[in-house]
Structure formats: C-alpha cells, structure tokens
C-alpha cells in the first residue's frame, strides 16, 4: 500500500508547461541515479511522467500527474513534490533501486536520511513517519499547545535523536516542543 496524502495548504510552485512549452528535466542523484520528469503539452491526468533512471536508462516509473513536480535529492532519497489543486501538495519519496513512499505536507528541512524519518506538519499532533517500511502510521507524534489543526511552525530541527519544534500558539506567542525518537 502506497501512502499518498493530499494537503490543503502550501501549494508547491511549478513552472509553466503547456502547448507551447513541453518539459523534459533530469534531477541527478547519487551513484548514477536520477529522477526524470517529462511533461507533454496536453494537460491530461498523465501529462507528466516521473520515472527513476540509472545511468540514463529508465528503471521504474514512479507516478504520473497533470502537474509539473519539483524534485530535490536528500542524500539517497529523492523528494518529489507536486501540486494537486489550489493550496494542495503531495509529497512522494524514491530511494534506489525501487523504494517508493509518500506523505502529507512533509517538512523537507527535517528529513533524517540515516534513519529514513520524515515529519508531517499537516495536522496537530505532527507526525513522524519512517519511510519505506510499508507501515503508514506515524512511529511517533508530538502534540503542540495550540487549537490550530495545522500548526504555525516556525522551524524544526533534529538534535541527534530529538526533534525540536518552534511554533506559535493560539495567542501568537513563540513556543518550543520536542520529542525523542530512539535510535536504531
């Protein structure tokens, strides 16, 4: 089961493509791996094909979309972000040679590539997920002292096995919370 979640905030920006501007991009990763994005010009549901390649050869189609995705490598994990409508974003992850997973509104600055952890800020409590395990429930969650269902996060940072979150509470006051995720 592949976890693909849809958020209703923070739309990912994308470059224009259409009848006069098809897109063909390659985002290079480690050891000859890359993410290839090819968008035609018809705006159909499968207009953009996202695939993993190794040494220039197509290895695995990851997904297709009507929207142009953004791709960023974090060590050996590719984060593929694409809009799914007004103020909506999907986040997919690929790790060579064939691991695919997804999450809802992942904070790209808090990806722990060593332990394969990502943090979703889509809800309160925020969820910490382990990628590529087939388990699609958070391994831990951190409730922030706010009634907002999507908290106002200022910054998050890993300090060894501890995730520290700076956020604004209901009164707009800056607060801090943390959770420890035991190591391997």
Dividing the surface of the Cα convex hull of region 121-165 by four yields a projected area in nm² of 3.6
A correct fewest-to-most ranking of 81, 113, 53 by other Cβ atoms within 10 Å would be 113, 53, 81
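Where does each of 145, 101, 91, 76 land when they are ranked from fewest to most other beta-carbon atoms within 10 angstrom?
Working: 145 12, 101 23, 91 26, 76 15.
The most exposed by this proxy come first: 145, 76, 101, 91.
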Using the Kirkwood radius over Cα pairs of region 106-184, the Stokes-Einstein translational diffusion coefficient at 4 °C and 1.567 mPa s, in µm²/s and rounded to a whole number, is 102
The relative contact order of region 50-139, taking Cα pairs under 8 Å that sit 6 or more residues apart, comes to a percentage of 15
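A short reminder: the numbers here are calculations on the coordinates, not readings from a lab. Every value quoted in this text rests on a predicted model; they were computed, and no experiment measured them. Every residue, glycine among them, receives a Cβ derived from its backbone with ideal geometry; neighbour counts consider all protein chains shown.
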